[in-house]
1. Angle check, please: helix A:40-51 long axis (alpha carbons) against the longest principal axis of chain A (alpha carbons), in degrees 0 to 90, nearest 10.
2. State to the nearest 20 debye the size of the charge dipole of chain A about its Cα centre, where the only charges are +1 on K and R beta carbons and -1 on D and E beta carbons.
3. Hey, what do the phi angles of segment B:252-257 turn into as Karplus ³J(HN,Hα) couplings, whole Hz, using 6.51/-1.76/1.60 and θ = phi - 60°, x for Gly and Pro?
4. Relative contact order of chain A: what whole-number percent is it, with Cα pairs under 8 angstrom and at least 6 residues apart?
5. Enter the accessible area of A:Lys66 (Å², nearest 10), with the probe set to 1.4 Å and all protein chains included.
6. Which GluC sites (Glu not before Pro) in segment A:179-261 pass both tests, a DSSP loop state and at most 12 other beta-carbon atoms within 10 Å?
7. What average number of partner chain Cβ atoms lie no more than 10 Å from the Cβ of the residues making up B:192-205?
8. Calculate the mean, over all residues of peptide A:224-232, of how many other protein chain Cβ atoms lie within 10 angstrom of the residue's Cβ.
Amino acid sequence: MSNTQFYEEELWPFISSECLSCHQSGGPAEQSAFLITSDQQDSEEMIWSMGIQTIGSTEQSWVLSKARGLSNHGGGMRVLQNSAKERLVKEWTARAQEELCQFETTVVQLSNTETPLVRLSPTQIENTLVRAFGEGIRAETVPAIYIQEAEYKNRDGYTTAELQALQHYFTQVIEDVSQQEECEDDSCLEEWLFSKIKILIRRPLQSTEKDIYRSAMTEAPSSEEAIQKSLMIALLSPQFLYRNSLHNIPSLPIEYDQLEKISYFLWDAPPTEQMLEDVQNGTWNTESLDDLLSGTQTSQTVARVHQDWLGAAKILGRRKDADRYPNYQIQHAQDILKEFILFNQTAYEEAPTLEYLFTSRSGWVNSTIATIYRVDHDTSDWNETLLPEERGGILSRAAVIASHTTSLHNLIPHRGHMLMRRLFCQEYGLAPNTFSIDTLPPGEPMAPQDMIAMHQSNQVCASCHTHIDPIGLAMDSYDPLGFWNSSLNTAGSFSTFSFSFSNLQDLQQQLTQQPELYQCYAQIWLERATQRQLSESDIAWARRQGTYMHQQQASIPSLLSSIIRASILDEYTP
Amino acid sequence: MNRRKLLQALGLQSLALPFFEALAPRNAWAQNPAIKRVLLVIHRHGTIPIRWAIPESNTYLLSELLNPLASFQNNISQILGIHNPIPYLSSSPHIHGLAEASLLTAHLPREQLVYGKFLSQGPSIDHLIGRHLSLGCPHQAIHLSIGSDEGSPITNTHFLFDEQGYPVSSFADPTQAFSLLFGSSSIQTSHLDSIHEQSSLLSQYLSQEDILRLEHHKERLFELEQSLHSAQCAPESPFAQEYLYNDDGIAQAHIELLTKSFACDQTRMGTLIFDHLEETPMSWAGNGQTPIYDRNEYRTWEDFIHYGNTNDDPDLFQGYLWYSKKVQQLLDALNNEVDIDGQNLLDGTLVIWLSNFENGAQHSLENLPVVLMGAAQSAQGQLLDYRSTPYSLADLWLSVLQSIGHEQLEFGLRHPNIRMEMIPNLV
């Protein structure tokens, strides 16, 4: 298709319907650089020239960023990421930059980018220590020195404060460990030590490394101090604290690297001693991969990934108004988070599909949860049970609801925005310059329907709020602690996906019929597997896997298997 | 050959490596010998400007809001005319996030970290001061916050940034602060030599990018090693208490922790940030039981500031006055403590107290409330009024840097409207 034909048949209809009303003389965006008229021919030069604009000295396309609602276009039209409209905008910029060949022939495959060194997360540090030394060593949890996920991901290395905190933690662990070993001579001690370090660093030690530890042990005045010194060296060394270095070590079988990636992907833990033995003996192979996908360790990881995906652990840091909720204790937050984890674990073990996750009424209760969920259960023990209808689906669980609420208000747009961002991997830009929260009157919050109507009545507001309000509305019958109020009407329509809903359960049921949910879900897991920011090609690959998962109603384990085979084992997947 | 072996070879094994750096030639700007330590105190939401200063007086008079500092009146420099032009240079509407991220960096924030919160284009001033003054101390800086906007014991206040512009955390829970900062057990320094050898072994297999990561790791371990030699003493562990909605108790614990940290030379740079943003009831500013504003009429403390009667409301005044009372407690604590050289702590500490807005209701950024206390002021008990020729935050921080002998001649964003020069008569 020629550029002329593309402009006349696809681009101009899109721009005249989506952009013209604002980007013309007298429109809300008449001060912007992008100004067109209702005449197709007159506007053509401006449209093509905007297509080649980039942001500052970056290579990011200006129009693509604006169309996504970023770069302070929050009040204007926005396209959903990975949608047909977004693809049209991309084609616009590609044609303008005369890069059409590249655009048309983009192959949907994973980027061949080397994985850099990454730090172990606090969970991974803890699990690796348990793998090496057993459950008994867990005196306290690794210090919570990270605040936000992004803060953690962006660090190039550990800060001094973090290393100091870790050193303090390791000292306590080593004190417990040094009482475990029962060797009577040096060779036994050495063998015991090297077997532990092998698990810690996920591979056998090289001879030079062994010499370093032997030298350290020789200098120690007693066997106990020899162990303490050697283990502290091991635990503060980059071989333990960082992963993804194994593929670089010459003569080390590639299976060690593969196993390290697979085990941390599935379990946030290193390979087992048996797995390392199998590699050493040449008997480990990928046929056992499917066995690794089942089991408690994997279900626990899946629960944690869902927790991060939906932000359910934010409840631990949410303050709740002490005046309005005087009985709220931190134990409440811990209990509802545990309920979330148990539900997700059980779901993975019994029916690992997204449809089950978003519709199931199965749950776990203790006395706290029973009060919130209105079921009969008066002991502190945890029991699995069938929950009332209003608790169907993962979005209705108290951890998700209470995590996305400030202490005072339910805040429809707040909840909706946070969950749309997470469920569909969509970014939403800032509100336009002309808007400020200060313009809202003080006093009691607006009624939900009034707020929705106010957003819809303003073209500038509606461009984002059309997408973020519906989920928030559906959740509005649940209060900041997760209790349900049956008297509230939270029916609405979700124009993003062209459906209406009567309540949160109805909304969730219909969300499971949208491929975008599965596409984002696949993206989440792929990012975890590759441990890097996903490229456009990676995202396209993940979307394809998600689409397949949706069409076939494939299980979560099958998605994880595809991702492992493609991203870690380098096997071809369609 | 590693650093330790070098020292041994030179017969200097009893000296810590920082000694070498101390021998480096000083820059042209003479360090003010009175300034051993710097402490930044920050509260949000500005003040009530009309009740903050009395510029029309011929002699220095403490305003109503600063009256709790009466016993230190002769040790105060109150400054008018410091403004923050940075948020106006940004197209983002998030005035709070912009004001926070630029207060100590004097720089335009870059990309959002989370909604309304930013990364920075450079470090905050405490980072530079800490690296300069805290050479040889176990900690480059100690960051404590009172209240926690995020509800976490370790929180991101969005004022502090490292060299790469990433947020630096503060401790909201004094027991966690103590445990993580001072709870380390001793470690043999020979451990670290072995770890360096391990790192070198691994580096030979890695890409250039990953080698840099390992270098970073080694540098941090070296800083950890420094702390082992230079700790003179440690503060006592604070007793455990609830850190949320308990600002009065936490403030006291943090003040004690900071004071003792300075006295023990654990650090020479500290920040104390009043971190409640919106939802605090501020009950501790009143009778300690009930919120100082009507929660039915004003949803949050921020609402009260915006929609209350800003100048005359007695409850709003009480809220802001509480900050002054805490600063008074801080000055008292410093004044009643001596450092390892036997000198009064306050005499050797430059305390800078400021807020990210002038008027919290209007989000105004001109004439920020700034007060200098403690060491090294050019005059005692004064009001420095620069409103006719205002200075920017960059000028303020540059003046502080140069007064401690830091060789940096610029700080923050370079812009035609920002002069980047010393403020006269300041320190």
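The values are calculated or read from the model by the stated rules, or taken from the named source; none is laboratory data. Everything numeric here is computed off the predicted structure, so don't read it as measured data. Don't worry about glycine lacking a Cβ; one is built from the backbone with ideal geometry, like all the others, and counts go over all protein chains shown. Only protein heavy atoms, including side chains, enter the accessible area calculation; ligands, DNA and RNA are left aside. Shrake-Rupley method; radii C 1.70, N 1.55, O 1.52, S 1.80 Å.
1. 20
2. 1040
3. Going residue by residue, I get 4, 5, 5, 4, 5, 5 Hz, with x marking Gly and Pro.
4. Working: 737 pairs, mean separation 79.0, N = 574.
About 14 percent, as a whole number.
5. 50
6. When the GluC sites (Glu not before Pro) of segment A:179-261 are filtered for loop state and at most 12 Cβ neighbours within 10 Å, A:Glu182, A:Glu184 remain.
7. Numbers: counts 3, 4, 12, 9, 1, 8, 12, 3, 0, 8, 10, 2, 3, 7.
What the average comes to for B:192-205 is 6.
8. The shielding value for this peptide is 2.
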